[in-house]
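Rule-based calculations on the coordinates, nothing more; no lab input. Remember, predicted model here, so these are calculated numbers, not experimental data. Reconstructed Cβ throughout: ideal geometry from the backbone, glycine too, with neighbour counts over all protein chains shown.
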Amino acid sequence: MKPIQFNDLGAQYAALKEDIDKAIADVIAGAHFISGPQVEELEKALCDYTGRKYCVTCASGTDALHLPLMAMGVGPGDAVFVPAFTFYASSEVVSLCGATPVFVDSLPDTYDIDPDDLLKKIAAVKAEGKLNPRGIIAVDLFGLPADFTRLEPIAKENGLFLLEDAAQGFGGKIGARHACSFGDVSATSFFPAKALGCYGDGGAVFTDDEEMYKLLLSLRVHGKGSMKYDNIRVGLNSRLDTLQAAILLPKLAAFDVENAHRNGAAEKYAFQLKDHFAVPVIPEGFHSSFGYYTLRAKDEAQRTRAMDALKAAGVPSIIYYPRPLHLQKVYAPLGYKEGDLPVAESSSKTVFSLPMHGYITDEEIDYICGVLTGVE
Ligand SMILES: *Cc1c(COP(=O)(O)O)cnc(C)c1O
């Protein structure tokens with residue numbers, strides 16, 4: 001057996017090589033490296049896939065979160081509610097705008113934002129009266145959409161915008177609705193390790209709102225007006241390279257087959273591991289794209305034993321995320337302390353993620369499960 005990889009991009013390239021090589025060669029031959037025709041083609045394909053009206057590709061998933069906050073004029077004095085158990089970019093963009101992230105706890109079974117804790121945090125900010133509650137950023141962690149059936153009405157009732165951080169969520173669903181179609185605006189990432197990744201940095205913003213769409217088009221090219229040398233607002237230089245768009249087109253075409261493979265792999269993992277670790281919970285009507293396959297150990301010591309055993313057996317595993325955001329040094333001035341968000345804190349001490357991708361083999365899964373079922 002060849003060495004097991006966490007995300008085997010080489011296996012994917014081997015499967016899609018002919019199409020990817022041709023796509024790259026076409027871009028080089030066309031020499032239209034910025035805003036080439038493949039960029040619009042991809043945006044249209046992403047709209048078709050997700051069911052959103054508008055898609056604006058950009059330079060990263062982080063920019064895809066930052067651009068809509070800029071479009072909505074989020075700034076100093078604003079409170080934006082963000083889960084603490086996520087990647088830093090989810091709250092970093094709030095801080096970049098000068099606004100204040102207000103951290104919310106997560107659910108212990110799905111790891112997504114806890115709608116009841118969100119309600120408590122909204123009420124607390126209102127009662128305190130110091131910050132203006134502006135919006136919610138909900139993350140589709142590990143590929144599972146956050147509970148938008150509850151989050152959408154909560155946002156509406158409280159006059160808050162709802163931004164879906166679907167950087168890990170692409171391909172997830174609630175009923176017939178696709179990830180990247182929830183809330184007012186959605187952001188995804190094409191970082192190579194994501195379920196739909198390119199060969200560098202990339203991202204996309206999705207919305208049904210035409211005003212927002214027009215603002216996003218301006219903001220991603222230096223706040224342009226009628227053209228690039230007509231500067232009417234402060235924006236970013238945040239375009240997706242034509243090469244990356246061209247590489248993403250054949251990857252998007254293969255996405256459903258890879259997603260089905262990941263879901264099959266998740267079932268096989270769960271079947272063998274469910275008596276040893278807490279396996280992912282997918283609520284009724286929800287579909288995960290399993291960008292990551294995450295287990296919960298019974299305590300930190302068992303997690304250490306499991307990860308040590310995997311390492312000794314040559315199997316990579318990663319902790320997403322070892323420290324929740326409210327306890328990161330950067331947010332020390334906000335005054336959070338240990339115990340404030342107990343589920344996020346216990347999750348960071350007990351979760352670990354296993355190799356998962358669209359080309360993982362039964363042999364690899366059986367080998368990994370063999371190691372893990374031997375862990376006390
Ligand atoms: C990866 C990720 C991002 C940032 O995406 P980049 O393309 O790396 O900038 C944001 N939010 C979450 C939840 C992510 O996992």
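Amide H neighbours of Leu162 under 5 Å, counting only residues 5+ apart in sequence or on other chains, H built in-plane at 1.01 Å?
Those qualifying (amide H under 5 Å, at least 5 residues apart or on another chain) are Ile136, Asp184, Val185.
Please turn the phi angles of the range 359-370 into ³J(HN,Hα) values with the Karplus equation 6.51 cos²θ - 1.76 cosθ + 1.60 (θ = phi - 60°), one per residue in order, whole Hz, x for glycine and proline.
Coupling constants for the range 359-370: 10, 5, 9, 4, 4, 5, 4, 4, 5, 4, 5, x Hz.
Please name which of Gln328, Gly143, Val185 has its Cα lying farthest along the dipole of the chain towards the positive end, using unit charges on Cβ (Lys, Arg +1; Asp, Glu -1) and the Cα centre as origin.
Final value for the positive-end residue is Gln328.
Give the total of Lys-Lys pairs in the range 262-376 with Cα-Cα distances below 24 Å; include a pair only if its members are 8 or more places apart or on different chains.
Close lysine pairs under the 24 Å cut-off: 12.
Using the Cα centre as the reference, give the magnitude of the dipole from point charges on the C-beta atoms of the range 5-66 (Lys, Arg: +1; Asp, Glu: -1; all else neutral), rounded to the nearest 20 debye. Display every interim value, and only then the final one.
Details: 5 positive and 10 negative charges, 36 e Å.
Roughly 180 debye, rounded to the nearest 20.
Might you report the magnitude of the Cβ-based charge dipole of the range 270-376 about its Cα centre, with Lys and Arg at +1 and Asp and Glu at -1, to the nearest 20 debye? Walk me through the numbers before you get to the answer.
Numbers: 10 positive and 13 negative charges, 92 e Å.
Computed charge dipole of the range 270-376: roughly 440 debye.
Using helices alone, I'd like the mean residue ellipticity at 222 nm for the chain: each DSSP H run of four-plus residues gives -39500 (n - 2.57), total over residue count, nearest 500.
-13000 deg cm²/dmol
Among rounded, prolate and oblate, which fits the range 57-152 when a ≥ b ≥ c are the square roots of the eigenvalues of its C-alpha gyration tensor, a/c under 1.5 means rounded, and a/b larger than b/c means prolate? Please report the intermediate quantities before stating the final value.
Values: a/c = 1.94, a/b = 1.03, b/c = 1.89.
Oblate, because a/c is 1.5 or more while a/b does not exceed b/c.
Quote the charge dipole size of the range 242-306 about the Cα centre in Debye, to the nearest 20; the model charges only the Cβ of Lys and Arg (+1) and of Asp and Glu (-1). It would help to have the intermediate numbers written out before the result.
Values: 8 positive and 7 negative charges, 44 e Å.
Approximately 200 debye in magnitude.
For Lys228, give me every one of the aspartates and glutamates with a C-alpha distance below 20 angstrom, ignoring sequence neighbours fewer than eight places off in its own chain.
Those aspartates and glutamates meeting the cut-off are Glu40, Asp63, Glu211, Asp241.
From the backbone phi of the range 5-11, what are the Karplus-calculated ³J(HN,Hα) couplings (6.51 cos²θ - 1.76 cosθ + 1.60, θ = phi - 60°) in whole Hz, Gly and Pro given as x?
Along the range 5-11, the couplings run 10, 5, 9, 7, 5, x, 5 Hz.
Of the beta bridges DSSP finds with both residues in the range 111-207, what % are antiparallel, to the nearest 5?
Numbers: 7 of 15 bridges.
The answer is about 45 percent antiparallel.
For a quick check of your reading of the filter: which chymotrypsin sites (Phe, Trp or Tyr not before Pro) in the range 64-149 sit in a DSSP loop and have no more than 16 other Cβ atoms within 10 Å? If you can, show how the numbers build up before the last one.
Working: sites: Phe81, Phe85, Phe87, Tyr88, Phe103, Tyr111, Phe142, Phe148; in loops: Phe85, Phe87, Tyr88, Tyr111.
Hits after loop and neighbour filter: Tyr88.
Rounded, prolate or oblate: which one fits the chain, using the alpha carbon gyration tensor with axes a ≥ b ≥ c (rounded when a/c is under 1.5, else prolate when a/b beats b/c, else oblate)?
Working: a/c = 1.94, a/b = 1.10, b/c = 1.76.
Verdict is oblate for the chain.
Which trypsin sites (Lys or Arg not before Pro) in the range 101-140 pass both tests, a DSSP loop state and at most 14 other beta-carbon atoms within 10 Å?
On the way: sites: Lys120, Lys121, Lys126, Lys130, Arg134; in loops: Lys130.
Here the sparse-neighbourhood loop sites are Lys130.
In the range 240-290, which GluC sites (Glu not before Pro) are in a loop and have at most 10 other Cβ atoms within 10 Å, using DSSP for the loop call? Write down the numbers at each step before the final one.
Numbers: sites: Glu258, Glu267, Glu284; in loops: Glu284.
Those that pass, being in a loop and sparsely packed, are Glu284.
Take a quick pass over the range 35-176 and tell me how many lysine pairs come in under 22 angstrom between Cα atoms, counting only ones 8 or more apart or on separate chains.
Eligible lysine pairs with Cα atoms under 22 Å apart amount to 11.
Could you grab the relative contact order for the chain? Cα pairs under 8 Å, six or more apart, rounded to a whole percent.
Numbers: 778 pairs, mean separation 81.9, N = 376.
Averaging sequence separation for qualifying contacts and normalising by length gives 22 percent for the chain.
Roughly how far apart, in whole Å, are the Cα centres of the range 54-86 and the range 329-376?
After rounding, the separation between the Cα centres reads 26 Å.
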